[in-house]
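As structure tokens, the structure follows; a few thoughts come after it.
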Amino acid sequence: MLMLGCREKTGDYAIKARLLALKIMGAITESLGMGSKYLESKMEDGMQVIAVNCYPQCPEPNLTLGLPPHSDYSCITIVLHSSCGLEIMDFTDGTWRLVPNLHGALQVHVGDHVEVLSNGLYKSMVHRVTLNNEKTRVSIASLHSMGIDEKMATPEELISNEHPKKYKESSFRDFLNFLSNNDITDGKSFIEFLKINYESWQCDQTGLSNENAPVCMNKMGEDNSRDGDYLMKFKNVKKKRKTIENG
Ligand SMILES: O=C(O)CCC(=O)C(=O)O
Ligand SMILES: [Fe+2]
């Protein structure tokens with residue numbers, strides 16, 4: 001009986017989360033000037049993946065993570081959790097910020113595909129999950145994207161001389177292929193792989209060719225900032241800046 005009750009509730013939750021995701025995606029495409037129906041049919045025919053994550057209490061939470069840093073390869077993810085643990089990367093200063101636990105609140109993560117769709121106006125969120133030594137944490141993540149072979153591309157309307165195309169197009173299957181060949185726990189990220197002219201961007205961001213590097217650092221925080229091993233890169237950029245300043 002208990003299982004039956006869970007089954008119904010889970011099914012109901014999945015349906016409602018999906019409807020909410022469709023509405024949010026409509027609001028996002030509208031905010032980009034593409035109209036609320038721009039992706040409607042592709043999202044309606046798209047995929048929903050529900051991940052139920054259980055993070056057991058851990059005697060030494062400082063030594064490990066529940067989930068390593070990553071961004072979601074979805075358009076958006078809707079998360080409901082039982083307690084604190086989720087942290088998001090604040091690229092303005094390279095620190096992790098704990099998401100507060102508001103009872104019953106849903107968190108919405110912008111995923112990689114919305115970053116591509118918006119030509120970088122929306123940034124997919126880098127997040128991780130920490131553990132605690134008091135209680136088990138449970139989260140339900142509902143990931144919403146287009147069909148497995150549907151390519152997400154930046155609309156022409158969002159591309160101009162001032163805002164050149166920043167990302168290659170890709171499908172969910174492309175991501176799965178990327179996953180089979182790369183270890184994301186090693187810090188590899190698909191969105192970085194999709195970036196066009198990433199090498200030249202990276203060079204600018206080091207400040208090596210720019211005397212106003214502190215501005216670059218800010219720009220890095222607000223703007224591009226993720227990297228396959230972005231934390232390492234963030235540190236390296238700082239290190240390079242120091243070397244430049246000292247030398
Ligand atoms: O447990 C959480 O709060 C987040 C889960 C998550 O990031 C994921 O499933 O991709
Ligand atoms: Fe995630």
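Figures for the structure shown
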| item | result |
| --- | --- |
| Length added when fully stretched, Asn182-Asn133, from 0.36 nm per residue minus Cα-Cα | 14.5 nm |
| Computed FRET value (nearest 0.05) for Ala14 with Leu106, which takes r as the C-beta separation and R₀ as 22 Å | 0.95 |
| Rounded to whole Hz, the Karplus (6.51, -1.76, 1.60) HN-Hα couplings of the range 105-118, x for glycine and proline | 6, 9, 9, 10, 9, 6, x, 4, 5, 6, 4, 5, 3, 8 |
| Listed pairs Lys16/Lys165; Lys42/Lys168; Lys23/Lys166; Lys16/Lys166 exceeding 29 Å between Cα atoms | Lys16/Lys165; Lys16/Lys166 |
| Amide N proximity, the range 130-165 versus Val52 label position 7 Å along Cα-to-Cβ, cut-off under 19 Å | 136-144 |
| Length added when fully stretched, His163-Ser36, from 0.36 nm per residue minus Cα-Cα | 43.5 nm |
| Volume of the Cα convex hull of the range 1-158, divided per residue and given in Å³ | 129 |
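The numbers here are math on the coordinates, done by the rules we state, and not lab data. Predicted, not measured: the structure shown is a model, and the values here were computed from it. As a convention, Cβ positions derive from the backbone with ideal geometry for all residues, glycine included, and neighbour counts pool all protein chains shown.
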